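Let me begin by presenting the structure, written as structure tokens, before commenting on it.
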Amino acid sequence: MVRELPGQVVGIVRSTCRFKGKNLPQFLWHLWRQSGFRYIAHLVLRSLLDRLVLATKGLTRHKPSVGSLSDIGTHHGIAVISSEDINDSETVAQIQNLRPDLIVSVYLLQLIKPTLIQLPVRGVINVHPALLPRHRGRCPIFAAIVAGDEETGVTVHWVDDRVDSGSILLQERLKLCPEDSALMLLYRCSMTGAAMLVKAVKLIEGGNAPHIPQDESQATYQSWPSLADQVLFRQRKGRYGTCLDLWKYL
């Protein structure tokens, strides 16, 4: 968006919250009880591999295709706000000072509340790596693999006061290939979603953005995976992915 819409991104809000009301040890303990060792190991390994691949590429001729949010802000002269709770009064005031026409949400593990939704004149949109209303919630990539879906996709939708339930602006389908790991599918969705966000902003700017209601009868929801979900994931021959996947996409 920074590249395709120069001068239009006025600020970046970086959420530092993984699980509201819990510090990192408390969050990991909660997730251990909810999802088990394998899923925690996947999240920790993915975080470490992200940093390793980015650092290694930085030492070679292969520069990362996307830097950190802080690097993007510094390079393009965009304000970067770090916040534990995006709905607290201080963060809302900082965002209000930026006077945004539109707020775009990407991979945010917090519910955006009405005060923030009503702040920008054009509203708030979110990019979600699933074919909404199917697989709302925290782990749509994992859910699609567990469900044995033959296709998944990306949805850009308007944000309302519930989880991933707002009307649809854009949606694109992606075939779920047998060789797809969770990481590969995540980055495929990320690349598709990035292009869709640019298109969505241009539609909103032109006054031609759709508001297609979601079919609530088709809605499903996936929170953090349960131990039973982990069993199904392995039965579906699901793979989390390796550093080779990250190297390819980063």
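Filtering region 171-195 to residues that are modelled with pLDDT of 95 or more and crowded, with 20+ Cβ neighbours inside 10 Å leaves only GLY193. The residues in region 82-99 that are open to solvent by 20 Å² or more (accessible area, probe 1.4 Å) and either outside any helix (DSSP H, G or I) or in contact with a strand residue (DSSP E or B) (Cβ under 7 Å, 6 or more places away or on another chain) (or both) can be counted, and the count is 8. Taking into account only those residues within region 123-135 that are part of a strand (DSSP E or B) and in contact with a helix residue (DSSP H, G or I) (Cβ under 9 Å, 6 or more places away or on another chain), which is surrounded by the most Cβ atoms within 10 Å (Cβ to Cβ)? Ranking the qualifying residues of region 123-135, first place goes to HIS128. Counting only residues that are closer than 24 Å to SER226 by Cβ and out of contact with any helix residue (DSSP H, G or I) (no Cβ under 9 Å at 6 or more places or on another chain), region 104-122 holds 4 of them.
Restricting region 117-146 to residues that are touching a Ser or Thr at 6+ places or on another chain (Cβ under 8 Å) and small (Gly, Ala, Ser), the residue that is modelled with the highest pLDDT is ALA130.
Candidates are the residues of region 215-250 that are among the aliphatic types (A, V, I, L, M) and in a helix (DSSP H, G or I); the one that is modelled with the lowest pLDDT is LEU246. Here region 108-122 is the region considered, the condition is being part of a loop (DSSP other than H, G, I, E, B) and not hydrophobic (A, V, I, L, M, F, W, C), and the residue that is most open to solvent (accessible area, probe 1.4 Å) is GLN118. Of the candidates ALA219, ALA200, the single residue that is surrounded by 13 or more Cβ atoms within 10 Å (Cβ to Cβ), of a type in the set (A, V, I, L, M), within 30 Å of TYR39 (Cβ to Cβ) and in contact (Cβ under 8 Å) with a residue 60 or more places away in the chain is ALA219. Taken as a whole, the condition of being at pLDDT below 75, closer than 30 Å to LEU232 by Cβ, open to solvent by 40 Å² or more (accessible area, probe 1.4 Å) and hydroxyl-bearing (Ser, Thr, Tyr) does not apply to SER65.
The values are calculated or read from the model by the stated rules, or taken from the named source; none is laboratory data. As the structure is a computational prediction, the values presented were derived from the model and not from experiment. With ideal geometry, Cβ positions are generated from the backbone for all residues, glycine too; neighbour counts draw on all protein chains shown. Note: areas computed on protein heavy atoms with side chains; ligands, DNA, RNA excluded. Shrake-Rupley method; radii C 1.70, N 1.55, O 1.52, S 1.80 Å.
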